[in-house]
Structures are given as C-alpha cells and as structure tokens.
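*Asks:* My questions all concern the structure below.
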Amino acid sequence: MSDRIEHVRLPRMAETAVFMAGPEGLALIDLIAVERAVTGHRDGARLTKDEAHYAADLLLAADVAVTLVASLVGVGVNTLKVWFPERTKSVRLDPPKCGTRRGYLAHKRRGDAICRRCRTANAVADLHYKRTGSYDGAPAVAA
C-alpha cells in the first residue's frame with residue numbers, strides 16, 4: 001500500500017502562501033507544505049495546526065480514508081474526530097496486533113506479559129519518535 005496520493009486536486013493560486021480566516025483569527029497557510037503533505041511527500045516535516053487542518057479538509061473532501069489522512073498530515077485520528085466530527089463518525093481502528101506499538105500498549109493496558117515482538121516494536125517506535133517527533137508512521141516489526 002502506498003502512502004502517496006496523486007489524485008487530490010489542490011486549489012491553484014498565484015502565491016505559495018496565503019492568509020485564511022478561521023475561528024481563531026487569521027492563519028498563514030504554506031500551500032507548498034500542504035501540497036507536499038497531501039501527496040505524501042512530507043518526509044518528516046511538520047505542518048502547523050492550521051496547515052494540517054486545511055490539508056485534512058482537502059483529503060477528507062476527496063474521500064481519503066481517515067487513518068491515511070491522519071498519517072499524511074501528521075495528526076492523530078482522535079484529532080481528526082474533534083476537527084471533523086461529521087466526517088469521521090464511523091471510524092473504527094483495527095484491533096491491535098503483536099509487533100506494533102499499539103500491540104505493546106494493549107499488552108500494558110491488559111496487564112499481560114509483553115511479547116518480544118511488541119517490545120521490539122515499541123523500541124523502534126520510540127526511535128522513530130525521537131527522530132520525527134511523532135509516533136505516526138513508525139514501522140511495525142516483522143513476524
């Protein structure tokens with residue numbers, strides 16, 4: 001599965017940055033950063049809250065899956081649920097699997113002994129977090 005999206009059309013403007021009015025006042029939106037995020041070329045760069053909101057709005061309007069939108073713009077699914085409650089009502093995550101950070105957290109929550117694959121996945125996710133500042137996109141551990 002590719003994390004690159006080529007079919008979402010962005011509005012074309014003469015400038016690379018624009019001011020947009022929102023509920024919290026004016027926001028500066030870097031359209032190049034938004035375009036890179038929407039097409040999957042963010043490469044660890046962070047969007048501002050306003051840029052992430054704008055990018056998520058474009059992606060959700062194009063019927064992109066909510067979990068992929070969260071990954072592309074660098075926010076969590078719960079954040080998208082708060083920002084767009086009407087568009088994210090039916091989002092349900094798959095059950096956590098061993099070999100992922102979610103699997104590790106599920107073991108801890110249940111009080112189970114943590115398996116070796118989940119310990120390794122958590123360590124890999126922590127390294128990913130230290131490099132990028134986010135757990136989104138952290139690789140899973142192979143079986």
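*Asks:* Just in the stretch 58-121: which trypsin sites (Lys or Arg not before Pro) are loop by DSSP and have at most 12 other Cβ atoms within 10 Å?
*Replies:* Taking the stretch 58-121 and a limit of 12 other Cβ atoms within 10 Å, the loop trypsin sites (Lys or Arg not before Pro) found are LYS89, ARG92.
*Asks:* Classify the stretch 90-137 as rounded, prolate or oblate from the Cα gyration tensor: take a ≥ b ≥ c as the square roots of its eigenvalues, call it rounded if a/c is under 1.5, otherwise prolate when a/b beats b/c and oblate if not.
*Replies:* Details: a/c = 2.28, a/b = 1.14, b/c = 2.00.
Oblate, since a/c reaches 1.5 and b/c is not below a/b.
*Asks:* For the stretch 36-81, what is the convex hull volume of its Cα atoms per residue in Å³?
*Replies:* So the per-residue hull volume is 61 Å³.
*Asks:* Determine the gain in length on full extension of the stretch ASP112-HIS41; use 0.36 nm per residue of separation and subtract their C-alpha separation, reporting nm with one decimal.
*Replies:* Roughly 21.7 nm would be gained on extension.
Since every read-out is calculated from the coordinates, none of them should be taken as a lab result. Keep in mind that what you see is a predicted model, and the values were worked out from it rather than measured. Using ideal geometry, Cβ is built from the backbone for each residue, glycine included, and neighbour counts are taken over all protein chains shown.
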